[in-house]
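I have placed the structure first, in the form of structure tokens, so that the comments after it can refer back to it.
The values are calculated or read from the model by the stated rules, or taken from the named source; none is laboratory data. Keep in mind that this is a model prediction, so the values were computed, not measured. Cβ placement follows ideal geometry from the backbone for every residue including glycine, while neighbour counts extend to all protein chains displayed.
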Ligand SMILES: [Zn+2]
């Protein structure tokens, strides 16, 4: 089914069309930016975690093309769609200088159960798409996810916040104070990547884990903002 059909409307794509039909590509609700340090994505993270910059590519709304896209991530065959969207988001943000000074792309890890069900981590494939544009390495090893949080959409805001703390940990050898073990995140500017930011709790929790590896900076990027 993919590539060949527009993932939003199902229209047949011409041979060289980049993933979407022209009408849907034009209508994707891109977010405009005056600043990467002061914007609605930053507002969601402010006070939860220290960070350098943050941005999302698209605005997520119910019944929208972006919701249709995110629902397709549930199917295991959608790796290439996730990667394609990562490439498009990467192109857009790269033209605005968002990746200047970033050293490493770090997709938010998926918990083992969810990974097994879905067969892939959508954030990892989004990061691979961003990597294709930027040439930056993707780190899927340094951070791991501890416990399932799949029921969190039914919980209240503050419970969700609580639920996320301690979910992410550094994997060895990064989680050590020993000086002679190489820590790949240390003194690097790490860009944490996820598919969507809603409350910001997941990204903030992942960011807090990354800060323990003593990076120079932590920044955030998602495909969409709800
Ligand atoms: Zn279309």
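Consider the stretch 23-54. How many of its residues are surrounded by fewer than 15 Cβ atoms within 10 Å (Cβ to Cβ) and farther than 27 Å from residue 65 by Cβ?
5
Does the stretch 114-122 include one or more residues that are touching a strand residue (DSSP E or B) at 6+ places or on another chain (Cβ under 7 Å) and modelled with pLDDT of 95 or more?
no
How many residues are within 15 Å of residue 222 (Cβ to Cβ) and either away from the ligand (no atom under 16 Å from the Cβ) or not assigned by TED's automatic domain parsing to the domain that holds residue 98 (or both) when one looks only at the stretch 31-60?
20
Among the residues of the stretch 112-135, how many are outside any helix (DSSP H, G or I) and surrounded by fewer than 18 Cβ atoms within 10 Å (Cβ to Cβ)?
3
Is it fair to say residue 67 is within 16 Å of the ligand (Cβ to nearest atom), over 19 Å from the mean Cα position of the chain (by Cα) and surrounded by 12 or more Cβ atoms within 10 Å (Cβ to Cβ)?
So residue 67 fails the test.
If a residue has to be assigned to a loop (DSSP other than H, G, I, E, B) and within 8 Å of the ligand (Cβ to nearest atom) to count, how many in the stretch 8-28 make the cut?
Final tally of qualifying residues: 6.
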